[in-house]
1. Among DSSP beta bridges whose residues both lie in the chain, state the antiparallel percentage, nearest 5.
2. Among V259, Q193, S116, which residue has its Cα positioned farthest towards the positive end of the charge dipole of the chain, with +1 placed on the Cβ of Lys and Arg, -1 on the Cβ of Asp and Glu, and the dipole taken about the Cα centre?
3. Which loop-located trypsin sites (Lys or Arg not before Pro) does the stretch 33-104 contain, where loop means any DSSP state but H, G, I, E or B and the Cβ has at most 13 other Cβ atoms within 10 Å?
4. Expressed as a rounded percentage, what relative contact order does the chain have, with Cα pairs under 8 Å and six or more residues apart?
5. For the residue pair R203 and L60, what label-to-label distance in nm results when each label sits 7 Å from Cα along the Cα-to-beta-carbon direction?
6. Which residues in the stretch 141-160 have a backbone N closer than 17 Å to a point placed 7 Å from the Cα of D113 along the Cα-to-Cβ line?
7. Do the sum for the chain: with -39,500 (n - 2.57) for every DSSP H run of n ≥ 4, divided by all residues, what is the mean residue ellipticity at 222 nm, to the nearest 500 deg cm²/dmol?
8. What list of ³J(HN,Hα) values in whole Hz, one per residue of the stretch 39-53 in order, does the Karplus curve 6.51 cos²θ - 1.76 cosθ + 1.60 (θ = phi - 60°) give from phi, with Gly and Pro shown as x?
Amino acid sequence: MSANGPVLDVRDLRVWYGSTRGAVRAVDGVSIQIRAGEVLGLVGESGCGKSTLGRGVMGLLPDGSAVDGQVLFQDTDLLKVSDRQLRRMRGPDIALIFQEPMTRLNPLMRIEDHFSETITAHEPKLSKAEVRRRSLEALGGMGIPPTRFRNYPHEFSGGMRQRIMIALALVLRPKLVIADEPTTALDVLVEAQILSILADLKRNFDTALLLITHNLGIVAEACDRVAVMYAGRIAEEGDARTVFSQPAHPYTRELLRSVISLNTTGLHYIPGAPPSLIDPPAACKFHPRCPDAMRVCAQLAPVEQRLSAGQRVECWLHGPGDRIPEGGREPLEQERIAVAEEA
Ligand SMILES: Nc1ncnc2c1ncn2[C@@H]1O[C@H](COP(=O)(O)OP(=O)(O)O)[C@@H](O)[C@H]1O
Ligand code: SF4
Ligand SMILES: [Mg+2]
């Protein structure tokens, strides 16, 4: 890896699920990069492929799915390494924090044993005292007191279990963390705690973090860059401040408008819903819902453009002009999806 090269470099990733109705193209040509010490937020409505992207990077896809492209972790293509090697990398190199806490904690094992098992699997020579010290430090960071170290998973509340899971994922100080909606089921206090832990990790250990969330407030607070995902593709990506202040893609703009803030008087949401990924709309997949749709948008898939503000965006509003056919800029006549907006 070159000194300043990205920790994670995903190139043209595609993931399909098999289904009785045909292939679900959940990730359809995605490229993203994350550097050491950088937090990339991945946002978009439910069903746009965010979790599939996270799982595809980790090699944790269900049987019957197909994957193509490159997932370079420090120059190693994770799609090419053996299952055994990938398992060995999970923990010390890359970690995934799931949404549901109970999925990974063994109900028959004390919290203490979860930690010692995780740590010694990767660092067998550590002394017991050191294992204990590291475990308690990780738990303490998540606000779990040492007195609870010998408890079993069921003796904790859901929020505490989630924090234990996170402590467990982070105890080996992985170089890349993928957190999939890590705070969705938690109250705001715990949420703030978790975000500050993730920030510490990035600061102290130069961890690269992919933070999947539908909470744009979290992105504004915790992320350096943001990628907006729609129907299996990255619609727009850029510096979080820039994307928030000057969204270039109509989908980003509409997502931002639908955030309810204290001074919101009316409620805005994007009409319609993300499409089925078995049979999505042709050309620009957002065109049936897009207030700015032009004729070209239903004819040709938009191509990635780099903007001067640093974003990259896939939308015909940003060109390239020479590829737009005659009359392509005319507004697209389409049945308006009922617009739900109150004054
Ligand atoms: N195991 C699966 N088999 C078939 N389709 C799936 C499977 N998991 C997810 N999908 C579909 O893939 C698409 C993307 O899902 P997902 O990655 O979970 O999106 P998000 O995390 O953004 O909500 C959705 O259409 C979803 O229904
Ligand atoms: S390409 Fe066209 S339909 Fe798609 S987001 Fe841009 S303006 Fe809207
Ligand atoms: Mg998801």
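Each reported figure results from applying straightforward, stated rules to the coordinates on display, with no laboratory input. Not measured: the values here are computed from a predicted model. Note that we place each Cβ from the backbone using ideal geometry, even for glycine, and neighbour counts take in every protein chain shown.
1. Working: 31 of 49 bridges.
Within the chain, antiparallel bridges account for around 65 percent of the total.
2. Selected residue: S116.
3. Working: sites: R35, K50, R55, K80, R84, R87, R88, R90, R104; in loops: R35, K80, R104.
Sites meeting the loop and neighbour criteria: K80.
4. Working: 619 pairs, mean separation 66.9, N = 343.
Over the chain, the number comes to 20 percent.
5. With each label point 7 Å from Cα toward Cβ, the separation is 2.7 nm.
6. 148-156
7. Details: 9 runs with 94 residues, N = 343.
Here the helix-only value at 222 nm equals -8000 deg cm²/dmol.
8. Rounded to whole hertz, the list is 10, 9, x, 10, 10, x, 5, 4, x, 8, x, 5, 5, 4, 4.
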